[in-house]
Amino acid sequence: MRAPVWRWLLLAVGIALAAAAALRWRGFRATTPPSRLEAVLARSVRDLAIPAAQRRLSNPLAANAANLEAGREDFRQHCASCHGRDGRGQTALGGALYPRVPDLRAAATQALSDGELHYLIAYGVQLTGMPAWTNALRHQAADNWKDVLYLRSLRPLDSAERGQQARLATAAHYVGSAACQPCHQQIYAHWKSTPMANVVRDPRQHPHAIIPSLASDTAAHFDVSQVAFVYGSIWKQRFFTKRGDNYYPLPAQWDILNHKWLPYTIPAKGADWWVHLYPSTDAGRPTGPTCDGCHSVGYNIQTKQVAEWNVGCERCHGPGSEHVAHPSRGNILNPARLDAVAASDTCIQCHSQGRALGNPIGGLYYDWPVGYNVDLRLEDYWKLEGHTLGQTNFYYYADGTAHKNRMHGNDFAQSVMYRRGVTCFSCHDVHGTGNGAELIQPAQQLCLDCHSPGSPNGPREATLEAHTHHASGSPGSQCVACHMPQIQSEGTPGAYVHAHTFRFIAPAMTEAYGIPNPCTTCHKGKSTAWATSALRQWAEISPWRIQ
């Protein structure tokens, strides 16, 4: 017997009242996590709303490197602010939307057909933060299909692919970066012009590699016949000769910024930790244990031979023979698929100061992590240089901020960014970008993508000018000016690189510990007292941060 209509009406009213009571109790806030029921219902309604004809569409584009790179670039520019550069959706903006931004790597997302993904990208989703990109950017259909290709690439490796990777350690060998070019032409072309690809050069193969005229050398005298390699092309250029199987530094370097010759020697005291373990002059200190492991691919400490000079593709992706023979996701290593710690360790292995855990190895002391590869744990091969708070030494300022270049990793591991899962390639792309330091975007734009005024990540002020107290576009309004001051020495006069702790260094720290602060570093001639007084006028700054 059917229930009377009034009972159904009463039930409906009861449900509505319960929902209203729950809403009043919980509030109507976007910050409230959606319940599991809400998430399931929302996903179901979304999927039902996609027309059947759209569901059945297949991606008409080939899954080649060019299309994939185009999709990746489009995703970085237009999607990463919500979805994150890795697609996980763990961003300040993504966490503030209701419903939450989905994890694009998750099985629920990857189970959608190509047509469904294309429809969601092209036409958006009502009552969410997902816009219709076809209208917003006047995207062509091909652009949206390239985005679908990139979303597919975010899929985690399956069990068969993980098995392939496990076998790489014994099955694969190095083949050189040139073997990657046929399939990855655009990436290879960008990388080929980066400093990574041109740190070490043989002047016989690259006649224009030597920047100065050697005849003008006033610090030491040597000619091109003695130069086996040149190191560097940005801040300084150093020269190395070969004796037997080893390379040794020559006693002069070219200061690129100031266009002059300088003596080059590492002093016996007050320098790198390993200096006292080698002969007292550079002529007796081979570069194999101290430099070559990071300036090459596959340096063999027994034969002293390399698979390739410079930071080639296989330095970060591992031996590539299997991938070149049978290209697939499973037979090459991709740091972007690693967890945040392991991903950054791909860079930290060389962009840090430390010492190999196995030292001494064969009677030699190594300044790079011998035996490490990107599929292994760096901590099993490398120890970051230690520091005692309050003490300034060759490596660190008193607060633990790095004192010299090649210590980005030492800095970064201390930062809030690192603790929140940001990786080195959240900001940098070593394949080459055309921006300074191979940044994914110009520095200011990159910072403001996550730290725009009023965002949950800060700053809290309504405008950038209100936050920086400097005119828009001026040096003082640049995020890096205060949060990444150029205080780490490159080893030649006036050559400094940016700190990576992202901490603001108050003028009081300069007074107490001699750590350079961004205020008087920029406002030369002004005192720390002047800078502190100016900061006290900023009403939004806590007085405890400037003491």
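The values are calculated or read from the model by the stated rules, or taken from the named source; none is laboratory data. Just so it is clear, the structure is predicted and the values come from calculations on it, not from any experiment. Note: ideal-geometry Cβ built from the backbone for every residue, glycine included; neighbour counts use all protein chains shown.
Here are a few things to note about the model shown:
- Annotation: of all residues in segment 156-173 being touching a Pro at 6+ places or on another chain (Cβ under 7 Å) and among the aliphatic types (A, V, I, L, M), the one that is modelled with the lowest pLDDT is L168.
- When A529, A534, A539, A499 are screened for being under 28 Å from A271 (Cβ atoms) and not acidic (D, E), only A499 passes.
- Pairs where the first residue, in segment 283-303, is at pLDDT 95 or above and the second is assigned to a helix (DSSP H, G or I) and β-branched (V, I, T), C-beta under 9 Å, 6+ apart: H295/T287
- Among the residues of segment 175-186, the one identified as assigned to a loop (DSSP other than H, G, I, E, B) and touching an Asp or Glu at 6+ places or on another chain (Cβ under 6 Å) is G176.
- Residue within segment 380-393 that is crowded, with 16+ Cβ neighbours inside 10 Å, more than 25 Å from A166 (Cα to Cα) and small (G, A, S) present: no
- Where helices (runs of 4 or more DSSP H) sit wholly within segment 55-155, those with at least 2 residues that are touching a residue at least 60 places away in the same chain (Cβ under 8 Å), of a type outside the set (D, E) and outside the structural domain of Q445 (by TED's automatic domain parsing) occupy 65-78, 80-83, 92-96, 114-123, 141-153.
- Every pair of residues 6+ apart whose Cβ atoms lie under 6 Å, when the first sits in segment 379-394 and is without any contact (Cβ under 8 Å) to a residue 40 or more places away in the chain while the second is small (G, A, S) and not in a strand (DSSP E or B): Y381/G371; L384/S352; H387/G400
- On the stretch given as segment 487-524, residues that are touching a residue at least 12 places away in the same chain (Cβ under 8 Å) and outside any helix (DSSP H, G or I) total 23.
- A search for C-beta distances below 9 Å between a residue of segment 456-481 that is more than 18 Å from P442 (Cβ to Cβ) and any residue that is among the basic types (K, R) and exposed (fewer than 13 other Cβ atoms within 10 Å of the Cβ), counting only pairs 6+ apart in sequence or on different chains, returns H467/R460.
- Of all residues in segment 159-177, those that are in contact with a helix residue (DSSP H, G or I) (Cβ under 8 Å, 6 or more places away or on another chain) and either more than 28 Å from V297 (Cα to Cα) or among the aliphatic types (A, V, I, L, M) (or both) total 5.
- Selection of strands (runs of 3 or more DSSP E) fully inside segment 233-316 by the criterion of at least 2 residues being crowded, with 16+ Cβ neighbours inside 10 Å and aliphatic (A, V, I, L, M) returns 246-255.
- Filtered residue count, segment 319-331, keeping only those that are in contact with a Phe, Trp or Tyr (Cβ under 9 Å, 6 or more places away or on another chain) and in a loop (DSSP other than H, G, I, E, B): 2
- Qualifying residue in segment 467-479 (condition: within 23 Å of C79 (Cβ to Cβ) and at pLDDT below 90): no
- The listed residues are H451, H431, and the only one of them that is in contact with a Gly (Cβ under 7 Å, 6 or more places away or on another chain), at pLDDT below 95 and not assigned by TED's automatic domain parsing to the domain that holds L93 turns out to be H451.
- When P507 is tested against the conditions (1) touching a Leu at 6+ places or on another chain (Cβ under 8 Å); (2) surrounded by fewer than 17 Cβ atoms within 10 Å (Cβ to Cβ); (3) at negative phi, the lone failure is (2).
- Every listed requirement among (1) over 23 Å from D292 (Cβ atoms); (2) not charged (D, E, K, R); (3) not assigned by TED's automatic domain parsing to the domain that holds Q478 is met by L439 save one, (3).
- Checked against (1) closer than 27 Å to D339 by Cβ; (2) at pLDDT 90 or above; (3) small (G, A, S), A398 meets all criteria but (1).
- Condition check for L117: of a type in the set (A, V, I, L, M) and closer than 19 Å to T32 by Cβ: no
- Residue within segment 210-219 that is surrounded by 15 or more Cβ atoms within 10 Å (Cβ to Cβ) and assigned to a helix (DSSP H, G or I) present: yes
- Segment 339-363 - residue that is assigned to a loop (DSSP other than H, G, I, E, B) and of a type in the set (S, T, N, Q) and, of those, surrounded by the most Cβ atoms within 10 Å (Cβ to Cβ): S352
- Residue within segment 528-545 that is over 28 Å from R419 (Cβ atoms) and within 26 Å of the chain's Cα centre (by Cα) present: no
The rows are residues; the columns are (1) surrounded by fewer than 17 Cβ atoms within 10 Å (Cβ to Cβ); (2) assigned to a helix (DSSP H, G or I).
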position: Q164; (1), (2): no, yes
position: Y188; (1), (2): no, yes
position: F222; (1), (2): yes, no
position: S225; (1), (2): yes, yes
